[in-house]
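We did not get these values from a lab; they are worked out from the coordinates using the rules stated. Keep in mind the model is a prediction, meaning the values are calculated, not measured. Backbone-built Cβ (ideal geometry, glycine too); neighbour counts: all protein chains shown.
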Amino acid sequence: MTEEIQDLIMIGAGPSALAAAIYTAREDINTIMYEKSIVGGLAAITDKVDNYPGFPDGIEGMELASQLEKQAKRFGAKVEYGDITAIRDENGIKILTVDDHEVKARTVLIATGSSNSKLNIPGESEYYGRGVHYCATCDGAFYRGRKIAVVGGGNSAVQEAIFLTRFASHIDLLVRSQIKASEVLQTDLKKMVDEGKITIHLGVNTEEIVATDGKVSAVKVIKDGTASLIATDGVFIFVGLKPNTAFLEGSGVELDDQGFIMTDKKLQTNIAGIFASGDVRSGATMQIASAVGEGATAALSISEYLHALGRD
C-alpha cells in the first residue's frame, strides 16, 4: 500500500464525478478519478442527450462525456483505470482497494452510477453479447436489416428502440404493462409505429430468450395466460437501473433498501469524508443534468471538509 495520502479520490468517472472534478481540480485539490469501464458512464453510451441544458439541438452522449472529461483534465484532474472493490475508514483516512493494491485518501466521492437491470430469465446470460444486449449504440449496428426485440416501456427503452430503427428491418417493443416514457418520446414512438417500423406489444411478460442452432431466434412471451413466440435476431433489454454499490459491502456506508447510498443535504454519507452524488445516491432523479449539479454540490462540500482539516 502506498503511503501517500491523496486529498480526494473519486470512484467512477461519469458526468457527476467529472463535474465535481472540474470544481475540485480548479481549486487545486489533487483529484484522481478511478473508472473501471468507460469515462462518461451510461451517458457516454446514450445515442443522443436531448434534454441537457445549453444544447438546443441535443448532443451525442459520447461527445458530452468527452467535453466534460477535457474540461476536468484542463484543470488538472486525473483519470485512472481500475476497479475499486472495497473501501474502509481507518481513523479518518479512507483506504481503497484498487485492483491488486491499496490507495489512501482524506476524502472520497462515490459516483459509480447505475447499471442496467436484468430480466433474469432463461437464455439471457447464456447469450449475452451474442444476441442479448443492453446498449443500443454499442451493438445496434450488428443488426442492419434484421429483426430486433426491445424489452421495456420507460424512457430508455423507447429512446433506444427509436434509435435502433436506423438499423433494424423491424422492432417489436415488449412492454410488461403500459408505456411510461415521456410524452415527447411517445410522440416520436407513434411516428415509428405509423411508419411500420415498430410494433408495440402491451401487457406481455418476457419469459425466455430462445435460440436455434446456438443463435437467438425468438422471445417467448406470455399475455393473458397464453404463451407465444416472437421471432427476432436479437434482444435489447432496458428494464430499469440498479446502483453500482456491491463494492461497499462491509464498508459501513449506509444504503437504502434498494442499495442506493444514503446522504445528508451536503451529500455526505454516514461516514465523515465519504460523499456520494449522481445516480448511485438515494433520491437521485436519474438525469444527467441533476447528476452534474450534484457533482458540483459534492465538490463544494468536499472543499469545505478539507478546509476544516486544514488542507488548503
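Some points to look at:
- Paramagnetic reach from Asp257 (point 7 Å along Cα→Cβ, amide N under 19 Å) across region 277-292: 281-284
- The Kirkwood hydrodynamic radius of region 132-237, based on inverse pair distances between different Cα atoms, is 13.6 Å.
- Gaussian network model of the chain, Cα within-10 Å springs - most flexible of Glu195, Glu60, Glu207: Glu195
- Efficiency of FRET between Asp89 and Arg130 - r from beta-carbon atoms, R0 45 angstrom, step 0.05: 0.60
- With a Förster radius of 45 Å applied to the C-beta separation of Ala141 and Asp28, the computed FRET efficiency comes to 0.55.
- Per-residue [θ]222 nm for the chain (sum of -39500 (n - 2.57) over DSSP H runs n ≥ 4, rounded to 500): -7500 deg cm²/dmol
- Anchor Lys266: lysines whose Cα lies under 28 Å away (excluding residues fewer than 8 positions away in-chain): Lys36, Lys70, Lys73, Lys78, Lys94, Lys104, Lys242
- Percent of alpha-carbon pairs separated by more than 26 Å within the chain: 50 percent
- Formal net charge of residues neighbouring Thr226 (Cβ-Cβ distance under 15 Å; K, R +1; D, E -1): -1
- Lysines whose Cα lies under 19 Å from that of Lys197, excluding same-chain neighbours fewer than 8 positions away: Lys147
- A straight chain from Asn51 to Tyr81 at 0.36 nm per residue would run longer than the Cα-Cα distance by 7.9 nm.
- Under 5 Å from the amide H of Ile110 lie the amide H atoms of Ile11, Phe275, Ala276, Ser277, each residue being 5 or more positions distant or on a separate chain, with H modelled from the backbone and absent for Pro and chain starts.
- Charge tally around Gly82: other residues with Cβ under 15 Å, Lys/Arg +1 each, Asp/Glu -1 each, net -3.
- Going from the residue with the fewest nearby Cβ atoms within 10 Å to the one with the most, Ser16, Ser301, Ser37 rank Ser37, Ser301, Ser16.
- Lysines whose Cα lies under 17 Å from that of Lys190, excluding same-chain neighbours fewer than 8 positions away: Lys180
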